[in-house]
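Heads up: the structure comes next, in structure tokens.
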Amino acid sequence: MGRSRNSARGQGGGAEAVVEQVDGGLARLVPDRDRARAWTLLIDEAPQSHVDLDDPAHLSFEYQRRFGHVVDLAAPPGKPLNAVHLGGGACTLARYVAATRPRSTQQVVERDAKLVQLVRRELPWDARARIRVRSTDAREGLAKMPDGWAGLVVADVFSGARTPAHLTSTEFLDDVRRALAPGGIYAANLADGPPLAHLRGQIATAAARFAELALIADPAVLRGKRFGNAVLVASDAPLPIAELTRRAASDPHPGRVQHGRELVDFTGGATPVTDLAAVASPAPPASVFR
């Protein structure tokens, strides 16, 4: 299916949706009627990314804003980062890093080559940004990263609306740790709903590989009241818990930060996940996207 006559490079307020078949399903770029050149990317009607071409530092989605807090605290303000993004979508977070930390060097790993072509054509980023995109599997792309290169590794990979099994294991996190510089930060978008078995297992898995952990989520998600996203933050260095807590609580989408003993207790005795036992994250209920 081709794109509509009005290209996404025009003014969002008067443009039509761009619809195109990509490797992962049917992609739609939908104009944001409240922001002149902002667009939401959906794959098979599941929201994937939101991009404002005029303001790449604007983060709309709840979980992306939480990633933004992590980026803001990953290094002193304005200091460039070496960042790896596993899962690209419309490269929202890579654009944010480029806007808030100029001269950062970033590698985006996005398996869906047709999606990459669509985003490059319709939602181009600043040509001065040091953003490279590699179209390959996230774990294969991570394996090609030099040892100790990244100050930040972000995992936001979904096949449909589920995280693939091979990105949920201790073996996967071993390679994340290999690619991270000393004191570097790993952040992952985790999606789950009651009884939160997947989320608890992912925390236990990260705890087996990292010394410091924090989890940011809507309190209703943490209580198992609804399906939603949680952002896991991990490092071998102390995390900025106090500032992370303040930013999450004061965000337009308020979140709670769990860490330390509270987070260990939250796992409820879950055990680390290995490649042999790994399964994809649960599919969200259909009502989530209505």
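The values are calculated or read from the model by the stated rules, or taken from the named source; none is laboratory data. Quick caveat, the model's predicted, so the values are computed rather than measured. Note that each Cβ is placed from the backbone with ideal geometry, even for glycine, and that neighbours are counted across all protein chains shown. Quick note on the areas: whole protein, heavy atoms, side chains included, nothing else; ligands and nucleic acids left out. Shrake-Rupley method; radii C 1.70, N 1.55, O 1.52, S 1.80 Å.
Okay, here's what the table says:
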| quantity | calculated |
| --- | --- |
| Residues of region 185-216 that turn out to be under 19 Å from the mean Cα position of the chain (by Cα) and in contact (Cβ under 8 Å) with a residue 60 or more places away in the chain, as a count | 14 |
| Filter result (on the phi > 0 side of the Ramachandran plot and of a type in the set (A, V, I, L, M, F, W, C)) within region 174-204 | Leu196 |
| Meets criteria (within 30 Å of Ala27 (Cα to Cα), of a type in the set (Ser, Thr, Tyr) and open to solvent by less than 30 Å² (accessible area, probe 1.4 Å)) for Ser169 | yes |
| From Ile203, Ile185, residue being within 20 Å of Asn229 (Cα to Cα), among the β-branched types (Val, Ile, Thr), in a helix (DSSP H, G or I) and out of contact with any Pro (no Cβ under 6 Å at 6 or more places or on another chain) | Ile203 |
| Pro238 vs. criteria modelled with pLDDT of 95 or more and in contact with a strand residue (DSSP E or B) (Cβ under 7 Å, 6 or more places away or on another chain) | yes |
| Matching residues, region 125-156, being touching a Lys or Arg at 6+ places or on another chain (Cβ under 9 Å) and modelled with pLDDT under 95 | Asp126 |
| Residue, nearest to Arg66 (Cα to Cα), within region 10-45, restricted to residues that are surrounded by 13 or more Cβ atoms within 10 Å (Cβ to Cβ) and modelled with pLDDT under 90 | Gly12 |
| Which numbered condition Gly148 fails, given (1) assigned to a strand (DSSP E or B); (2) among the small types (Gly, Ala, Ser); (3) over 25 Å from Val264 (Cβ atoms) | (1) |
